[in-house]
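What follows is a single structure, written as structure tokens, with notes after it.
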Amino acid sequence: MGVKKPPVGALLLGLIPFVAMCLSVSLWDRIEPMIFGLPFNLFWLLAWIVLSSLCLWAAYRVEVARDKKDSGAQ
Amino acid sequence: MSPSAVSLTTIFVIVAIGVAIGFLAGAHRKMDLEQWTVGGRGFGSLLMFLLMAGEVYTTFAFLGASGWAYSRGGPTLYIMAYLTLAYVVSFFILPQIWEVGRKYGMQTQSDFFSTRYGNKYLAGFVCVVGIASFIPYLQLQIAGVGIIVSIASFDGIGRTPAMATSVVLLVAFVFASGVRAVAWVSVLKDVLMVFAAVSIGIGIPYIHFGGIGPMFAALAHSRPAHLTMPGATANLGHTWYISTVLLTSLGFYMWPHAFGAAFTAKSGDTLRRNAVVMPLYTITLAFIFFVGFTAVLVVPGLTNGDLSLLTIVRKSFPPWFLGVIGGAGALTAMVPAAIFLLTAATLFAKNLFRPIFAPAMTDDQVAKLARVMVVVLGLISLLLAIYKSATLVGLLLTGYAGVTQFFPGVVLGLYWKRVTMPGVFAGMIAGVATVIFLMLSHRDPLYGWSAGFVALCLNFLITALVSWLTPAIALPE
């Protein structure tokens, strides 16, 4: 069934949102400082929705570069 | 006209437009099994995208997320994190699932298990767990319609008759038009939903406090503990947050309808690019939270938090606007419910009953059985919605605890050559049994950990152990 494993670089990029939005919760789950009128935890998650999208975009570039290299090598 | 007549008429008109679009989309097509369940596979990528995006915004996001912001506070933030992270997970598994799907001609999640592990009983077990997990998700949507109609009628119509009516309408809708109808109605539903979320998310804090910032300042002043975890709860702290976010983000694409939708994409690359953009769709949820948090201060003391969004809309706006929000909410419940009913009924008839009990059934007979199942599943969910109450978020988490037990079998099946059928089967049985035991004995969360996550860990462990102890299987070429 063998599928191509994702490149390590892409996997690391995918891990960043998990650390930022999930595992590190005790670091950012507080009200102060309020930013743009939002409690800090809500602001943090909103910011990371956008940053997660950027991480995946970077991971996408890594995969495209790998696929190019692979097809060039054959 | 009385206020309740105005708002109910508006809801009725919006739902009627939605149903009409559905019937038109289904007209002039011969409804055989293929056309009914997968739209004849003729879905363009835009329609596919709308269908997939449309499934995210169910009544869960609308009434459930605001309901938890109201009744639980901080823990509701898990919803923003899990949806975003679900797309991150999808980036690394959906293109691969699509690839093997194309190679072996798979159409459903159950096909994946029967092809990868070569065992029809494992595939059947996956169907059973999938269908069982759909039931609380369906119950959630039906309960949502009940809430909408009873609040919009200014408590003139009870929730039970409202829910019963909506199930009848739902079944008729699914019978008449199939999946193509659902996809088109979801376009209307999404436009209304985004409009509704943004307008009340900005409008309601503005009306009562002069803006979102002042609203949070007031809440931080009077109820500071409500805004962080564990909020108004005793046991939904950071351990619960981490385990629940992991459980639900890994499980998001394990729902049979979401998994199956991956097979209909144009290419693996489409799915990868979709995953890059989809997290941004989650931002709308913040507006729903604003409404729930405002309601804490403006309409305190509701016994059921899921009523908070509509109660505060009713208090802040004229009846016709309550009708628009209610109509958007009703479609938001009915469109996903139709997808779940279709998927679950087809799974039962085509992937469970025929292969295991009646291999000689024709496609026509399978289609008939699927229609019967639409009615049966609709009734079961209705009865549960009437007799067994739970918060909307609680219902969804029950479903997730079930479907996420597929995750080890899917990911290890894709990436680990050594995983075996007995390993996956044993792991999944252990996971499902653990979930059932912990939930029925009211041990969720278990020492702060989400029960589904505890079961998932056990599932992974047993899958790996038994796989090592059993001989490697030959992979399909």
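The values are calculated or read from the model by the stated rules, or taken from the named source; none is laboratory data. A quick note: this is a predicted structure, and the numbers were derived from the prediction, not measured. Counting neighbours? That spans all protein chains shown, and the Cβs are built from the backbone with ideal geometry, glycine included.
Just a few scattered comments:
- Scanning the range B:242-275 for residues that are more than 26 Å from B:Ile135 (Cβ to Cβ), facing chain A (nearest Cβ under 9 Å) and buried (at least 21 other Cβ atoms within 10 Å of the Cβ), we see that the one that is modelled with the highest pLDDT is B:Ile242.
- B:Leu369 being modelled with pLDDT of 90 or more, buried (at least 18 other Cβ atoms within 10 Å of the Cβ), in contact with a helix residue (DSSP H, G or I) (Cβ under 9 Å, 6 or more places away or on another chain) and within 14 Å of chain A (Cβ to nearest Cβ): no
- Number of the exception - B:Gly158 against (1) surrounded by fewer than 18 Cβ atoms within 10 Å (Cβ to Cβ); (2) modelled with pLDDT under 90; (3) at positive phi: (3)
- If you check B:Val419, B:Val393, B:Val432, B:Val466 for being within 14 Å of chain A (Cβ to nearest Cβ), buried (at least 19 other Cβ atoms within 10 Å of the Cβ) and in contact with a helix residue (DSSP H, G or I) (Cβ under 7 Å, 6 or more places away or on another chain), only one passes: B:Val419.
- Annotation for the range A:22-42: no member residue is surrounded by 14 or more Cβ atoms within 10 Å (Cβ to Cβ), within 13 Å of the chain's Cα centre (by Cα) and in contact (Cβ under 8 Å) with a residue 24 or more places away in the chain.
- Under the condition of being without any contact (Cβ under 8 Å) to a residue 60 or more places away in the chain and crowded, with 24+ Cβ neighbours inside 10 Å, the residues counted in the range B:435-458 number 3.
- In the range B:47-55, the condition of being assigned to a helix (DSSP H, G or I), of a type outside the set (Phe, Trp, Tyr), at pLDDT 90 or above and over 30 Å from B:Val291 (Cβ atoms) is met by no residue.
- Candidates B:Ala385, B:Ala426, B:Ala464, B:Ala433, filtered to the one that is on the phi < 0 side of the Ramachandran plot and within 21 Å of the chain's Cα centre (by Cα): B:Ala385
- Only one of A:Trp57, A:Trp44 that is in a helix (DSSP H, G or I) and either of a type in the set (D, E, K, R) or more than 7 Å from chain B (Cβ to nearest Cβ) (or both): A:Trp44
- The range B:289-311 residues that are under 20 Å from B:Gly203 (Cβ atoms), paired with ones that are among the charged types (D, E, K, R) and part of a loop (DSSP other than H, G, I, E, B) (beta carbon under 6 Å, 6 or more apart): none
- Residues in the range B:212-241 that are within 10 Å of chain A (Cβ to nearest Cβ), part of a loop (DSSP other than H, G, I, E, B) and either closer than 26 Å to B:Ala328 by Cβ or aliphatic (A, V, I, L, M) (or both): 1 in all.
- On inspection, B:Ser199 passes the criterion of being assigned to a helix (DSSP H, G or I) and within 22 Å of B:Leu307 (Cα to Cα).
- Output for the range A:1-31, where each listed residue is basic (Lys, Arg) and more than 7 Å from chain B (Cβ to nearest Cβ): A:Lys4
- Residue among B:Phe209, B:Phe287 that is more than 25 Å from the chain's Cα centre (by Cα) and within 14 Å of another protein chain (Cβ to nearest Cβ): B:Phe209
- The set of residues in the range B:314-364 that are at pLDDT below 90 and among the hydroxyl-bearing types (Ser, Thr, Tyr) comprises B:Thr332, B:Thr343, B:Thr346, B:Thr362.
- Among (1) within 14 Å of another protein chain (Cβ to nearest Cβ); (2) within 27 Å of B:Val126 (Cα to Cα) - the single one B:Phe293 does not satisfy: (2)
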